[in-house]
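Data first, discussion second: the structure below is written as structure tokens.
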Amino acid sequence: MKKLLLAFLLSAAVLSHAQDYPKMARDLQVKYKDEEAAILRSNIEFVLTKDSRVGAKATVNRSEQLLSLRYNVPIQESEVYDGNALIEKFSAESNLKQRAPDAAKVCGSYTSEGLFFDDSKFCTHQLKLKEVGEVWDISSVKKINDAKYLTAVYFQDKFPLIDKKVTFVIPQDMDVELREFNLADFPITKTETTQGGNRVVVYSVKEIPGIESDSYTRGVQYNHPHILVLMKSVGTAAQKTNILASPQDLYKWYSSLTKRLQPNPAAYKATVTQLIQGKTTDEEKIKAIYYWVQDNIRYIAFEDGLAAFKPDEAQNVFEKRYGDCKGMANLTKEMLKTAGYDARLTWIGTKRIMYDHSLPSLAVNNHMICTLILNGKKYFLDATEKYMPFGENAERIQSRPVMIEDGDTFIADKVTASDKNRDADLRVLKASVNGENLEGSYNITLKGESKKNFLYGYHYTKTDNRKDFLADFIASGDKNVKNTDLTLPDLEERSGPLALDCKLQYAGAVSSFNNEYYVDIDPSKTFKHWTIKDTRQSDLDFGEKIHNKTTVELSVPAGYSVSSLPGNVAINDPEFSFNIQYATQGNKIVYTKELSVPEGVIRKASFGRWNAAVKQLAKAYENQIVLKK
């Protein structure tokens with residue numbers, strides 16, 4: 001009720017004090033206490049026009065009024081474009097006579113270490129919010145030279161919005177579908193009219209928060225309101241030109257880019273010959289090539305070519321020793337072909353993409369891999385996943401639809417999902433009481449994604465810091481847990497589980513009073529502090545299927561017996577489960593804890609149940625075993 005009243009008062013303030021910007025700002029500060037600014041008014045217009053070469057073009061006109069909620073705060077306003085677009089105009093001016101003219105904008109590509117990490121470019125103005133209540137009027141015009149690149153349009157911005165209109169102006173003989181996602185959860189209305197031979201669709205938005213930056217997020221499409229613009233065709237039935245009317249049209253366009261590739265096997269043939277020399281089975285030869293690409297080509301997420309869709313030449317990637325996913329997939333394909341195998345480029349959207357290939361849009365795929373077809377079986381090879389063994393697939397591409405090149409058509413398939421227990425972190429402590437400590441042998445077994453993530457963490461940690469990395473990993477971040485006599489396996493081995501063995505000391509786990517020991521048996525209190533804030537905007541995505549199991553075998557000291565054991569915990573939800581069990585076996589107490597998130601995702605609708613379960617788990621962690629003399 002209070003929120004409704006505040007919303008009414010804010011709306012009234014905007015209407016009745018149209019020019020009293022300082023008062024508006026003070027009112028908005030109450031609701032948006034951490035925000036630097038709010039967008040009072042935003043009008044974004046997408047005007048589509050026919051084009052004989054590409055079918056359709058688009059002009060994006062933006063006009064916004066930004067209200068400062070802070071004193072002397074610099075902010076950055078940017079327009080994003082790529083090689084297929086042009087920022088024709090971008091300027092800003094405030095009511096305090098500050099100006100950022102079009103000529104002052106700074107445009108360019110994002111680079112790191114001299115490399116372009118994608119083909120996105122930015123035009124930027126640095127603005128200063130001088131006073132609370134200052135208003136900046138911002139306007140821009142962007143030209144998109146091929147409307148198939150106009151994909152997703154989001155309603156939220158980095159700042160909270162008070163009023164926004166998103167307008168699409170579409171010629172009547174242009175078949176454009178505006179597919180809506182997540183609108184029902186937000187105050188968004190829609191009108192559609194016909195004006196001057198155009199279809200005009202207007203979406204109106206009132207009072208929505210800005211997009212927050214959360215950790216462990218899924219793709220922005222899953223929770224935030226947006227429109228996916230599907231540019232299908234232009235013209236009447238008698239004379240119609242398809243743009244992207246079907247998945248086949250999408251593949252045809254992809255294929256038109258890959259057909260331009262001119263592989264030069266001479267550049268890498270000697271390396272292929274050397275790699276497979278002495279190998280007798282297909283699997284040995286394929287692994288040698290696949291692992292060589294994983295190990296020797298630096299993945300930099302570099303995206304080049306026609307709006308980041310055309311792979312780099314295989315020989316270029318081979319000689320430079322770096323490439324993006326497309327370049328690495330292309331090199332993997334060409335090296336395997338040189339060795340005599342049937343390898344093909346494959347388009348895929350990772351799990352960050354919620355769309356599938358039923359939607360003919362450039363937004364459905366954000367990744368490229370290589371598919372090997374051997375004896376009628378498909379193997380999906382992602383060389384960007386450095387520590388993923390042949391025959392297994394990373395979580396981010398499992399169950400995702402793929403589009404495999406097959407001449408003028410494509411093969412539709414889906415990446416196989418792994419068993420739910422493939423990804424596992426299994427820990428076993430065989431402990432005894434030594435004064436105030438628990439001490440004993442400790443084994444950690446990592447499988448699947450857990451193993452891969454550990455190897456990434458280890459190898460991408462500076463050599464001087466690896467000892468600290470291992471100590472923190474073994475201790476699960478608990479400073480009271482120390483290890484000695486650590487034995488490491490071959491950390492270059494991809495296949496099979498990875499096992500770490502050491503001696504472990506859990507300091508302060510035991511306290512004594514009146515001939516009794518009070519024992520905190522669990523050195524790994526996973527999820528203890530993992531409550532999710534109510535205001536979180538996105539689902540929580542761990543990026544892997546969670547299956548953590550901790551087993552502690554505690555030897556009861558001579559002369560002592562078990563006085564009491566804490567109660568068991570059993571929390572079983574469709575999205576997660578927490579289970580703790582205590583048992584006695586002879587002179588041992590066996591503690592078993594299993595934590596599972598089978599899909600690796602906690603959806604917003606489940607946050608309340610998750611938080612209640614985490615609080616119950618945290619309380620269970622406080623329980624102690626009592627041993628009596």
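The values are calculated or read from the model by the stated rules, or taken from the named source; none is laboratory data. Keep in mind the model is a prediction, meaning the values are calculated, not measured. Note that each Cβ is placed from the backbone with ideal geometry, even for glycine, and that neighbours are counted across all protein chains shown. Keep in mind that these areas ignore ligands, DNA and RNA; they rest on the heavy atoms of the full protein, side chains included. Shrake-Rupley method; radii C 1.70, N 1.55, O 1.52, S 1.80 Å.
Of note:
Rundown of residues vs (1) under 31 Å from the mean Cα position of the chain (by Cα); (2) modelled with pLDDT of 95 or more; (3) surrounded by 17 or more Cβ atoms within 10 Å (Cβ to Cβ); (4) small (G, A, S), yes/no style:
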{"residue": "I211", "(1), (2), (3), (4)": "yes, no, yes, no"}
{"residue": "V229", "(1), (2), (3), (4)": "yes, yes, yes, no"}
{"residue": "Q239", "(1), (2), (3), (4)": "no, no, no, no"}
{"residue": "K252", "(1), (2), (3), (4)": "yes, yes, no, no"}
{"residue": "N264", "(1), (2), (3), (4)": "no, yes, no, no"}
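- Residue count for region 475-494, restricted to those that are under 18 Å from G448 (Cα atoms) and out of contact with any helix residue (DSSP H, G or I) (no Cβ under 9 Å at 6 or more places or on another chain): 3
- Boolean, M328 is open to solvent by 60 Å² or more (accessible area, probe 1.4 Å) and of a type in the set (A, V, I, L, M): no
- Beta carbons closer than 9 Å, at least 6 apart along the sequence or on distinct chains, pair a first residue in region 330-342 that is at positive phi with a second that is at pLDDT 95 or above for G340/K285.
- In this structure, Y442 does satisfy being in a strand (DSSP E or B) and out of contact with any Ser or Thr (no Cβ under 8 Å at 6 or more places or on another chain).
- Filtering region 35-52 to residues that are among the polar types (S, T, N, Q), in a strand (DSSP E or B) and closer than 30 Å to S233 by Cβ leaves N43, T49.
- Across region 524-560, the number of residues qualifying as open to solvent by less than 40 Å² (accessible area, probe 1.4 Å) and part of a strand (DSSP E or B) comes to 10.
For every residue, the table says whether it meets (1) closer than 18 Å to I397 by Cα; (2) of a type in the set (V, I, T).
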| position | (1), (2) |
| --- | --- |
| T332 | yes, yes |
| A339 | no, no |
| I348 | yes, yes |
| S358 | yes, no |
| V364 | yes, yes |
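For (1) assigned to a loop (DSSP other than H, G, I, E, B); (2) more than 21 Å from S450 (Cβ to Cβ); (3) modelled with pLDDT of 95 or more; (4) open to solvent by 30 Å² or more (accessible area, probe 1.4 Å), each residue gets a yes or a no:
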position	(1), (2), (3), (4)
V562	no, yes, yes, yes
P566	yes, yes, yes, no
N579	no, no, yes, yes
S606	no, yes, yes, no
K615	no, yes, yes, yes
A620	no, yes, yes, no
L627	no, yes, yes, no
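- Yes/no for K190 being among the basic types (K, R), open to solvent by less than 30 Å² (accessible area, probe 1.4 Å), in a strand (DSSP E or B) and closer than 15 Å to H226 by Cβ: no
- Candidates A499, A570 - the one that is free of Cβ contacts under 8 Å to residues at least 24 places away in the same chain, in contact with a strand residue (DSSP E or B) (Cβ under 9 Å, 6 or more places away or on another chain) and among the hydrophobic types (A, V, I, L, M, F, W, C): A570
- Close pairs from region 120-149: first more than 17 Å from E64 (Cβ to Cβ), partner among the polar types (S, T, N, Q) and open to solvent by less than 20 Å² (accessible area, probe 1.4 Å), Cβ under 8 Å, at least 6 apart: K130/S68; K130/S94; E131/S68; V132/S68
- Apart from one condition, G508 fits all of (1) of a type outside the set (A, V, I, L, M, F, W, C); (2) over 15 Å from S524 (Cα atoms); (3) touching a residue at least 40 places away in the same chain (Cβ under 8 Å); the exception is (2).
- Restricting V220, V141, V201 to residues that are among the hydrophobic types (A, V, I, L, M, F, W, C) and at pLDDT below 95 narrows the list to V220.
- Top-ranked residue of region 447-493 - restricted to ones that are of a type in the set (K, R) and assigned to a strand (DSSP E or B), ranked as farthest from the chain's Cα centre (by Cα): K482
- Those residues of region 187-206 which are in contact with a Lys or Arg (Cβ under 9 Å, 6 or more places away or on another chain) and under 27 Å from R536 (Cα atoms), in sequence order: P187, I188, T189, Y203, S204, V205, K206
- Residues in region 166-187 that are part of a helix (DSSP H, G or I), touching a residue at least 40 places away in the same chain (Cβ under 8 Å) and surrounded by fewer than 16 Cβ atoms within 10 Å (Cβ to Cβ): D185 alone.
- Of the strands (runs of 3 or more DSSP E) lying entirely inside region 345-415, those containing at least 1 residues that are surrounded by 19 or more Cβ atoms within 10 Å (Cβ to Cβ) and without any contact (Cβ under 8 Å) to a residue 60 or more places away in the chain span 367-374, 377-381, 401-406.
- For region 87-130, residues that are in a strand (DSSP E or B), in contact with a helix residue (DSSP H, G or I) (Cβ under 8 Å, 6 or more places away or on another chain) and modelled with pLDDT of 75 or more total 4.
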